[in-house]
Amino acid sequence: MKKLLVFAALICSCAKLYTASSEARENQFVIELDGNRTTGYSWTYTMEPDGVVREVSSEYRNSGTRNSAGAGGVFVFVFESVNPGSATLRFSYARPWESGVEPAKNMSYTLTVDSSGKINVVSEQVK
């Protein structure tokens, strides 16, 4: 029975892979990616090209109660516009010490920044 509950919990935790939203400011973009730090996995990203947006903050928020062993959570990244143009953010969910292993999940966002600094999401891709 415990194995069935753990399996069900893993399926539910993967159901919502990502959300992207523009909060109060149009010059900021928030990316929330589900994950579980207790497994050793974390989300990292690359940006191409640099100089269109910059990371303002990143944090991990537990989904459950404060010290729930094994509970999943959300990795939150906040970006703000720097210069007009377009950029692609590529996120990978992997264990940093495992070299030569494909990431468990990949996510890609293509953004544009207009002359007023407003960030628009052109595309989102789950890979």
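The values are calculated or read from the model by the stated rules, or taken from the named source; none is laboratory data. Worth saying up front: this structure is predicted, and the values here are computed from it rather than measured. Neighbour counts are summed over all protein chains in view; Cβ atoms, including those assigned to glycine, are modelled from backbone coordinates with ideal geometry.
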Options Val74, Val53; residue that is modelled with pLDDT of 65 or more, farther than 16 Å from Tyr109 by Cα and touching a Ser or Thr at 6+ places or on another chain (Cβ under 8 Å): Val74
Pick from region 111-127, criterion touching a residue at least 40 places away in the same chain (Cβ under 8 Å) and either among the acidic types (Asp, Glu) or part of a strand (DSSP E or B) (or both), ranking: nearest to Thr44 (Cα to Cα): Val126
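Rundown of residues vs (1) over 16 Å from Glu124 (Cα atoms); (2) among the hydrophobic types (A, V, I, L, M, F, W, C), yes/no style:
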position: Ser42; (1), (2): yes, no
position: Glu48; (1), (2): no, no
position: Val52; (1), (2): yes, yes
position: Ser58; (1), (2): yes, no
position: Phe75; (1), (2): yes, yes
position: Phe79; (1), (2): no, yes
position: Gly85; (1), (2): yes, no
position: Phe91; (1), (2): no, yes
position: Ser99; (1), (2): yes, no
Region 99-110 residues that are within 23 Å of Pro49 (Cα to Cα), paired with ones that are basic (Lys, Arg) and modelled with pLDDT under 95 (beta carbon under 7 Å, 6 or more apart): Asn106/Lys127; Ser108/Lys127
Qualifying residue in region 113-127 (condition: under 14 Å from the mean Cα position of the chain (by Cα), surrounded by 13 or more Cβ atoms within 10 Å (Cβ to Cβ), modelled with pLDDT of 95 or more and among the hydrophobic types (A, V, I, L, M, F, W, C)): no
Members of region 83-105 that are loosely packed, with under 15 Cβ neighbours inside 10 Å and part of a strand (DSSP E or B): Gly85, Ser86
Candidate set from region 39-62 (those that are over 23 Å from Gly85 (Cβ atoms), in a strand (DSSP E or B) and not small (Gly, Ala, Ser)); member that is farthest from the chain's Cα centre (by Cα): Asn62
Every pair of residues 6+ apart whose Cβ atoms lie under 7 Å, when the first sits in region 43-60 and is farther than 21 Å from Trp97 by Cα while the second is outside any strand (DSSP E or B): Gly51/Val82; Gly51/Asn83; Val52/Val82; Val52/Asn83; Val53/Val82; Arg54/Val82
